[in-house]
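Below is one structure; the comments refer to it alone.
Each reported figure results from applying straightforward, stated rules to the coordinates on display, with no laboratory input. Owing to the predicted nature of the structure, the values given are computational and were not obtained by experimental measurement. Positions of Cβ are backbone-derived with ideal geometry, glycine not excepted, and every protein chain shown enters the neighbour counts.
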Amino acid sequence: MGRGKIEIKKIENPTNRQVTYSKRRTGIMKKAKELTVLCDAEVSIIMFSSTGKFSEYCSPSTDTKKIFDRYQQVSGTNLWSAQYERMQNNLNHLKQINRNLRREIRQRMGEGLDGKDIEELRGLEQNLDEALKVVRNRKYHVISTQTDTYKKKLKNSQEAHRNLLHELEMRDDHPVYGFIEDEPTSYEGALALANGGAHMYSFRVQPSQPNLHGMRYGSHDLRLG
């Protein structure tokens with residue numbers, strides 16, 4: 001039993017339509033390749049599915065542009081004239097914008113003002129004043145931001161300085177370690193050390209055991225230089 005004849009009309013079911021397209025596209029591509037090999041023909045096929053998917057085939061002996069050029073020669077039509085005209089119009093428009101911008105830049109620099117009437121010069125002056133205000137506000141904003149940053153850095157440095165002084169004072173009050181009497185006072189020594197002083201202070205061990213208080217070391221006191 002042979003296959004039934006399929007009515008040629010749009011397939012309403014999207015899934016069935018896509019399946020049919022994929023199968024027939026494969027068949028068309030196969031036939032195009034066979035024509036290229038068997039008949040030495042130059043074949044170019046371009047297809048877009050209903051979902052916008054692009055597919056193409058072109059004989060290995062040529063390319064799509066050459067096929068288009070030959071088509072134009074044979075048919076006498078110009079496929080690129082409309083596109084070229086649109087591109088030319090767009091180019092001219094961009095050139096005009098560029099000329100206007102360059103003229104405006106020269107005028108803002110005080111050049112090319114010949115032929116300007118009083119109203120045009122007044123408008124240019126107002127534009128320059130507004131631009132100057134924007135630049136000045138931006139400058140003040142940058143200065144304010146940098147000042148706040150420097151203030152925060154200075155505050156952190158002062159806090160670190162106070163912590164270092166406090167740590168040195170706590171070390172001076174320790175019952176075992178302390179500054180010896182022949183050096184500057186503990187606070188002055190701590191202050192000098194916190195401020196980057198180059199003095200080296202000597203420390204001695206204060207015995208904390210009662211039975212060691214009566215022992216004399218004389219010149220053999222333990223000192224750290």
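Remarks
- Single residue of region 100-121 satisfying the filter (of a type in the set (D, E, K, R) and either in contact (Cβ under 8 Å) with a residue 60 or more places away in the chain or surrounded by 10 or more Cβ atoms within 10 Å (Cβ to Cβ) (or both)) that is nearest to L132 (Cα to Cα): R108
- Candidate set: region 18-38, residues that are among the aliphatic types (A, V, I, L, M) and closer than 18 Å to P60 by Cα; chosen: the one surrounded by the fewest Cβ atoms within 10 Å (Cβ to Cβ): L38
Residue-wise test of (1) part of a loop (DSSP other than H, G, I, E, B); (2) under 45 Å from the mean Cα position of the chain (by Cα); (3) of a type in the set (F, W, Y).
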position	(1), (2), (3)
T20	no, no, no
T36	no, no, no
T51	yes, yes, no
P60	yes, yes, no
K65	no, yes, no
M87	no, yes, no
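- Checked against the criterion of being of a type in the set (D, E) and loosely packed, with under 10 Cβ neighbours inside 10 Å, region 44-62 has no qualifying residue.
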